[in-house]
1. Roughly how big is the chain's charge dipole about its Cα centre, with Cβ charges of +1 (Lys, Arg) and -1 (Asp, Glu), in debye to the nearest 20?
2. Run the numbers on the chain and let me know its relative contact order in percent, using alpha-carbon pairs under 8 Å that are six or more apart.
3. Grab the other residues whose beta carbon is less than 13 angstrom from that of residue 18, score K and R as +1, D and E as -1, and report the net.
4. Quick one: net charge around residue 113, please, counting Lys, Arg +1 and Asp, Glu -1 for every other residue with C-beta under 9 Å from its C-beta.
5. What are the residues whose amide H is under 5 Å from the amide H of residue 146, where those residues sit 5 or more places off or on another chain and H is modelled from the backbone?
6. Around residue 135, under 15 Å between beta carbons, what's the net of Lys plus Arg minus Asp minus Glu among the other residues?
7. What residues qualify as long-range amide H neighbours of residue 40, i.e. H under 5 Å apart, gap of 5 or more or another chain, H built at 1.01 Å from N?
8. Under a 5 Å amide H to amide H cut-off, with H placed in plane at 1.01 Å, what residues pair with residue 160 once short-range neighbours are removed?
Amino acid sequence: MMGNHYVKPHLLIIPGLGDRVWLYRTVVPLWQNFGYEVSLHAFGWNGELGKLAERQELLLKHVDALRGQKLYVIGASAGGVAAVNLLAERPEIEHVVTVASPLLPKDIATKELLVGSFRQAAAFLDRSDEPTRRKLVSVHGRYDNRVPSELSKRPGIHAVELPTYGHGATIVSALTVNSAVLREYLG
């Protein structure tokens, strides 16, 4: 409650490498029905935007415009890595859910931008304390050929396995038919 009116919690969804915001728009009404204000942020993994710091700055501006609202973040695939780095910069975020995201990358990144983002996230997770790690949950598919489940698990971070096959199917499932798993964690 702010003043005399209810303020919905805000859910920020960050897509992965394809930056397919148009595709993620299809789940916005579902999450609005669950009681969230929803926004999407294309990180610009494939764009001409510039360096990692410039892309992160745009994401921080997006989040800063939401100040005063409880903020939850879902990052899909590489978007989960961006979400972890966002938590490092904005610890007031309530919870972060990564979906099919590599938290222990092993030579799977081919883009310099992604490699830099992985390194930042890994360094943050290595130094993060228990209360910070409790803000994170990693959702992964049992049979994800792009981001194997062992790369989505990290000591001290709660992990949830979905009975899915394929990278895209895990993401779609988590955001739709298995969204209760995410909503339970988000609160």
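1. Magnitude of the dipole: close to 140 debye.
2. It comes to 18 percent, rounded to a whole number.
3. So the surrounding residues net to +2.
4. Neighbourhood net charge equals +2.
5. 167
6. 0
7. When sequence neighbours closer than 5 places are left aside, the close amide H contacts are 13.
8. Hits under the 5 Å cutoff: 138, 139, 140.
Where a number appears in this text, it was derived from the coordinates with a stated rule and is not lab data. Predicted model only: the values in this text are computed from it and were never measured. Note that each Cβ is placed from the backbone with ideal geometry, even for glycine, and that neighbours are counted across all protein chains shown.
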